[in-house]
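First the structure, in the form of structure tokens, and then the observations on it.
The values are calculated or read from the model by the stated rules, or taken from the named source; none is laboratory data. Everything numeric in this text was worked out from a predicted model, so none of it was measured. Neighbour counts are summed over all protein chains in view; Cβ atoms, including those assigned to glycine, are modelled from backbone coordinates with ideal geometry. Accessible surface areas use protein heavy atoms only, side chains included; no ligands, DNA or RNA. Shrake-Rupley method; radii C 1.70, N 1.55, O 1.52, S 1.80 Å.
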Amino acid sequence: MKKIKGIYAAGMSIFNEDLSLNILKTLSHAEKIIDYGCHGVAIFGSTGQAQLISVREKISLLNELSKSKYKDKYLIGTGLNSLNETINLMNVASSLGFKDFLIMPPAYYKYGDKEVIEFYSRLIEAIPNCRIILYNFEKLCGYKFSIECVKELVRKFPEQIVGVKDSSYNLFEHLKINNFSVLPGSESKLLKGLELGCAGIITATCNVTANLSRKVYEDFVQKKEQTANELLCNVRGAFEKFNLISGLHSFMSDKDKIYKNVLPPVSLLSKKNKQQLLEDLNKLSFTVKSLKTI
């Protein structure tokens, strides 16, 4: 079974002025950041505002993704709290040939490891021919995976639970499971993670740092001197001063004004904050012109 590894962007969703999902632009953006250096893209993650997008629009995008030249490079998120709706969307994706999913436990309700194991067990019982990357992000869903929970899920479902995106950062330094992908959620953790045996990263800002992240990754694999990691971490640090989704859309809007469209309650950066972000990036000689293929 091929291990999920490398540089993955948490893909951005592109919206029209009426806030409907622009299917073709979203697909084009995903394909271009793969061209730019990412090994793949996670579709319908938190960066893609998945929790705010209708199921109908998600299905429409899945249909177009199934025709993409990079079909095998997508991780499909769901962005749904409902167990049954998650299963239904996974069924649609599976019928279109997708097997790899990035799934976070439901938000809002309080629960522990036992309930999380039950949640993923139900998903796998319904869709046994799937591979799931667990999404560990306590800040968003209120639950943080324990090492014990992940190990138990892998023990029960070794063919289906194949990795974890660690955005809470309590796992990537300590979780060791054979043939299991641990992928931190920040470029600043990429090099350290690789040194510890992690498989790569899945991050929001790889929408704009794909080439830098790929260079750090390839230099590590090829045992070359690291020349891009400091810049990569500094660019990530500039974006981290603000909400990442707001920062990315504000930054990319200088390339194409369609990126100004975001779904409430998400918003663009204020004029002051956007100016600060651009000034910080300019000091690093990192501008929208750096995105040569996007």
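Restricting attention to the chain, close to 5% of DSSP beta bridges with both partner residues there are antiparallel.
Based on protein heavy atoms only, the chain ends up with 45 Å² per residue of surface accessible to a 1.4 Å probe.
About its Cα centre, region 195-294 has a charge dipole of approximately 400 debye under the convention of +1 per Lys or Arg Cβ and -1 per Asp or Glu Cβ, with nothing else charged. Of the accessible area of region 156-227, computed with a 1.4 Å probe over protein heavy atoms only, carbon and sulfur atoms account for 47 percent. Summary value for the chain: 20 percent relative contact order, contacts being C-alpha pairs under 8 angstrom separated by 6+ residues.
Taking the Cα centre of the chain as origin, work out the dipole magnitude from +1 charges on Lys and Arg Cβ and -1 charges on Asp and Glu Cβ, in debye rounded to 20.
420
In this simple spin-label model, placing a label point 7 Å from the Cα along the Cα-to-Cβ direction at both N84 and L24 gives a separation of 3.7 nm. Candidates G142, N207, L80 compared by Cα position along the dipole of the chain: farthest toward the positive end lies N207, with charges placed on Cβ. Ranked by the mean number of other Cβ atoms within 10 Å of their residues, highest first, the peptides 254-260, 44-50 fall in the order 44-50, 254-260.
In region 61-145, carbon and sulfur make up what percent of the accessible area (probe 1.4 Å)?
Roughly 48 percent of what the probe reaches on region 61-145 is carbon or sulfur.
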